[in-house]
Amino acid sequence: MLERIQKENDIKGLNREELTTLAEEIRGFLIEKVSKTGGHLASNLGVVELTMALHLVFSLPEDKIIWDVGHQSYTHKLLTGRKDGFDALRSFGGMSGFPKRKESPCDAFDTGHSSTSISAGLGLVEARDIKGEEYSVISVIGDGSLTGGMAYEALNNASHLKKNFIVVLNDNHMSISENVGGMSKYLSHLRTASIYTGLKKGVTDVLEKVPVVGNSMIEQIRKTKSSIKQLVVPGMLFEDMGLTYLGPVPGHNISMLCKVLKEAKKVEGPVLVHVMTEKGKGYEPAETAPDKFHGIGPFDVASGEVSAKKKEDTYTDVFGKVICAEAAKSPDIVAITAAMADGTGLTKFSRRFSERFFDVGIAEGHGVTFAAGLAAGGMKPVFAVYSSFLQRGYDQIIHDVALQNLPVVFAVDRAGLVGSDGETHQGIFDLSYLSAIPGMTVMSPKNKWEMADMVRFAVSCHGPAALRYPRGTAYTGYSEYRSPIEYGKAEWIYKEKKLAVLSVGHMFEEAVKVWENLKKQKLDCSLINARFIKPVDEEMIEELSREHSLIVTIEENVKTGGFGEHVLEYVHRKHLPVNVLILALPDMYVEHGNVGVLRMENGIDSEGMTEKILEELKEL
């Protein structure tokens, strides 16, 4: 059946039995391909039938489907003729693991972060109506994404609509980790409200048999605010917000899904279709451990086990161990995550100090201000969050934390190039957006040992502090260079003359290779570990300017607003007699691919940087 799907809408040519076969083939195909390339598996296995139903009921690309987060769009890509792209899924130059408008006209909106689909869908609806066009707009959002406040802002704003707008709530009781909070409990209640769905069906069946007036009575019940569901299901949050609520609907029954989606198309105004799915459906290891198979590397299909590698500490592991040790000594330390306890290394903390651990769900803005409140109350909050997700709380960092100089620690994980998830997940802006904030301390470690020291230093700070570190195995080299962390002071590694390489954080490993390359060229070269991005060690820059003709800064951040520009600004402001060469990422979004490949493509691998330094020296 899958071979018959060559382009969008080909699925409409299959009969019911063929659709069942197609669903099985899609699951087998996804398991096979993701086992080789890695990717988001459990979320995609959970929406196979839902995606098929959407493609059966709607016509693409005329109708617009927006996938919240977007990591569950693999079946959508298969059904729109991108089967051959899965061999290079998430590889440099290959197909993205998320919807991309530049990839296909059937991808209506680029997504990558949660809770955005309803806002984007509402914008498309208003554009459609202003232009007098006729097409359907469907926003597919997971129950985990409903913990993000932006989703409610959009739902509230959609209530005034007079024309059709469909929101599909994909309810699998999971985001990455298990969902938390009041909305999760509310949806759990709706899932078990079979009394309502049974009563509704019973009343409808009876009225349909009433001659002449039966169908009109059914229609009147649908339209009235005092409908049956309000009498049976307490709260009716969505209806009270102005949306027509349809569901819950079994998410793996294609015929029932198609039926309710056709009903949803008839509604004048916003309608929410509540679909219950099982994350990891059809693959036992993913059903058993959906969080493990949310985003996974290559694995063995038969066992579900990831290829065995020698376990070495990651920067995240070091953070998790040290923050537990510090919390054992200080009862004021509390930890916060935004639905990423395992990913940010806080799982052990959550078990050891459950009363001091808070999972706020996918709600980074709330998490930041919540941390500010904890700090104002005398606690020492540590908010562990991915770099690209911290962007979602930027106003709160400025307004609620930094403006009051509250001692909140931001443990900024997945900083720098992340790799296969691409543009929406690369942590390449944090040095710029954090160092622009008055009173913020920003630091980054060169290796495993300095990571541990910086965690301890961060929790001792009396104002806001950000500790920035990457994904992956922590560098263990240069362990003998471990001078105490001193506020705002860099660390000299090799002190020579003429040329100085000044490295930021985890780029130190590449900087060492650059230094070695330059020494092979018989060049005098100092090597310095910056440690602090804000404040910049101005005394060190003054010293460098006296005995060096060129300072080279190395960072895995965009050039604009980054560490190098801060060094350059100080040199110019003080009229220091030294040149500055900034080696950083270009002012652009970096696509998906292996980190090593991305560094090479963007000129910040050791060989590329050495070449640029030698060229600069020739010009000087």
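FYI, it's all coordinate maths here, none of it is from the lab. All figures in this text were calculated on a predicted structure; none of them were measured in a lab. Backbone-built Cβ (ideal geometry, glycine too); neighbour counts: all protein chains shown.
All distinct Cα pairs of segment 463-620 go into the 1/r average, and the inverse of that average, the Kirkwood radius, is 16.1 Å. Each DSSP beta bridge with both residues in the chain is either parallel or antiparallel, and the antiparallel ones are about 15%.
Taking a Cβ cut-off of under 12 Å around residue 367, the surrounding Lys, Arg, Asp and Glu residues balance to a net charge of -2, with basic ones at +1 and acidic ones at -1. Determine the shape class of segment 315-468: with a ≥ b ≥ c the square roots of the Cα gyration tensor eigenvalues, call it rounded for a/c under 1.5, and otherwise prolate if a/b is greater than b/c, oblate otherwise. Because its axes are fairly even, with a/c under 1.5, segment 315-468 counts as rounded. Around the amide H of residue 46, modelled in the peptide plane, lie the amide H atoms of 280, 281, all under 5 Å away and 5 or more residues distant in sequence or on another chain. Charges were assigned to the Cβ only: +1 to each Lys and Arg, -1 to each Asp and Glu. The resulting dipole of segment 492-619 about its Cα centre is roughly 380 debye.
Under 5 Å between amide hydrogens, built in the peptide plane, is the criterion, and for residue 526 it picks out 496, 497, 499, 500, 501 among residues at least 5 positions away or on other chains.
Its alpha carbons considered, the chain gives a radius of gyration followed by a Dmax of 27.1, 98 Å. Compute the distance in nm between two label points, each set 7 Å from the Cα along the Cα-to-Cβ direction, one at residue 288 and one at residue 569. For residue 288 paired with residue 569, the spin-label model returns 5.4 nm. A simple rule links phi to the HN-Hα coupling: the Karplus curve 6.51 cos²θ - 1.76 cosθ + 1.60 with θ = phi - 60°, which for segment 378-383 gives x, 8, 10, x, 10, 9 Hz, with x for Gly and Pro.
With θ taken as phi - 60° and the Karplus curve 6.51 cos²θ - 1.76 cosθ + 1.60 applied, the whole-hertz 3J(HN,Hα) list for segment 155-162 is 4, 4, 6, 7, 4, 7, 4, 9 Hz, x standing for glycine and proline. Full extension of the segment from residue 240 to residue 376, taken as 0.36 nm per residue of separation minus the current Cα-Cα distance, would add 45.4 nm.
Remark: the residue 601-residue 436 segment gains 56.6 nm on full extension, using 0.36 nm per residue and subtracting the alpha carbon distance.
Using the Cβ-Cβ distance between residue 209 and residue 21 with R0 = 41 Å, the FRET efficiency computed as 1/(1 + (r/R0)^6) comes to roughly 0.65. Residues of segment 578-620 with amide nitrogen under 17 Å from the 7 Å Cα-to-Cβ point of residue 522? Only 614, 618 pass the distance filter. Shown in residue order for segment 264-269 are the 3J(HN,Hα) couplings computed by the Karplus curve 6.51 cos²θ - 1.76 cosθ + 1.60 at θ = phi - 60°: 4, 5, 7, 6, 8, x Hz (x for Gly and Pro). For residue 90, nonlocal amide neighbours, meaning residues 5 or more places apart or on other chains whose placed amide H falls under 5 Å from its own, are 95, 96, 97. Under the simplified labelling scheme, the residue 325-residue 255 pair shows an inter-label distance of 6.3 nm, with each label point 7 Å from Cα along Cα→Cβ.
Potential lengthening of the chain between residue 486 and residue 29 amounts to 159.1 nm, from the contour at 0.36 nm per residue minus the alpha-carbon distance.
For the chain, the longest principal axis of the alpha carbon atoms and the long axis of helix 194-208 meet at an angle near 40°. Seen from residue 44, the other residues with C-beta closer than 10 Å to its C-beta sum to a net charge of +4, counting Lys and Arg as +1 and Asp and Glu as -1.
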